[in-house]
Amino acid sequence: MKTCLIVIDVQESFRHRPYFTERGAEAFLEAQNSLVAGCEERGIPIVRVLHTDGPAQSDNPFALESGHVAPLRGLRAFTPAISVLKRRHSALVGTGLEVWLTENGIGRLIVSGIRTEQCCETTARHASDLGWAIDYVLDATLTFDMQQPDGSPLSAADVKARTATVLHGRFATVCTVEEALARAA
């Protein structure tokens, strides 16, 4: 089955949000970079997805005008097979990516990027519903601490555990970098 890696929203915009922390970023980048390198070595196409939305002004880190809609510092440089800009949570909405995947005979998607429970999870669920096999590389995703509706804290580790629990065996195979690369071979 032909596979591709989707690198979702690994962009500088996040460094300019109040919730961003470097905690976890180093391990994430190590896993993300290993995944990119492994895909390059195997000739697996890599898709770059960047998120843009909100007012088109320089003080909005997700606006093109900010200059922050660019690869996250520390991400391994790679030449994408295709790059898309998205304005929704799913990388498949309004980007042309679904067409590109179909035209290129892609049957399996390796999902990675930022945020674990938001754009990565949404893309994985959407793609699964459309018929793609999904390998969700949890270690190659990054998220941040959150606040629950009752005001209590929810750690990034708990967010990731919840995402793994709800995706695995339903929408995706939650796996490591090594497992995803082995499955793609």
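Give me a count of the residues in the range 44-63 that are under 19 Å from residue 75 (Cα atoms) and out of contact with any helix residue (DSSP H, G or I) (no Cβ under 9 Å at 6 or more places or on another chain).
1
Any residue in the range 80-95 that is surrounded by fewer than 14 Cβ atoms within 10 Å (Cβ to Cβ), of a type outside the set (Ser, Thr, Tyr) and more than 20 Å from residue 127 (Cα to Cα)?
No: zero hits.
Would you please list the contacts, defined by Cβ atoms under 6 Å and residues six or more apart or on different chains, that run from a residue in the range 25-42 that is farther than 16 Å from residue 15 by Cβ and assigned to a helix (DSSP H, G or I) to a residue that is modelled with pLDDT under 95 and not charged (D, E, K, R)?
Within 6 Å, no pair qualifies.
For residue 79, indicate whether it is among the polar types (S, T, N, Q) and either assigned to a helix (DSSP H, G or I) or in contact with a Cys (Cβ under 7 Å, 6 or more places away or on another chain) (or both).
no
Pairs under 7 Å by beta carbon, first residue within 12 Å of residue 4 (Cβ to Cβ) in the range 77-106, partner among the basic types (Lys, Arg), six or more apart or different chains?
As it stands, the answer is 80/48; 105/2; 106/2, since those pairs meet every condition given.
Any residue at all in the range 65-72 that is over 19 Å from the mean Cα position of the chain (by Cα) and within 20 Å of residue 5 (Cβ to Cβ)?
Taking every residue of the range 65-72 in turn, none turns out to be over 19 Å from the mean Cα position of the chain (by Cα) and within 20 Å of residue 5 (Cβ to Cβ).
For the range 1-59, what are the residues that are aromatic (Phe, Trp, Tyr) and either under 22 Å from residue 80 (Cα atoms) or crowded, with 19+ Cβ neighbours inside 10 Å (or both)?
Hits for the range 1-59 are 14, 28.
The values are calculated or read from the model by the stated rules, or taken from the named source; none is laboratory data. The shown structure was predicted, so the numbers you read here are calculated from the model rather than taken from an experiment. Here Cβ is always computed from backbone atoms with ideal geometry, including for glycine, and neighbour counts include all displayed protein chains.
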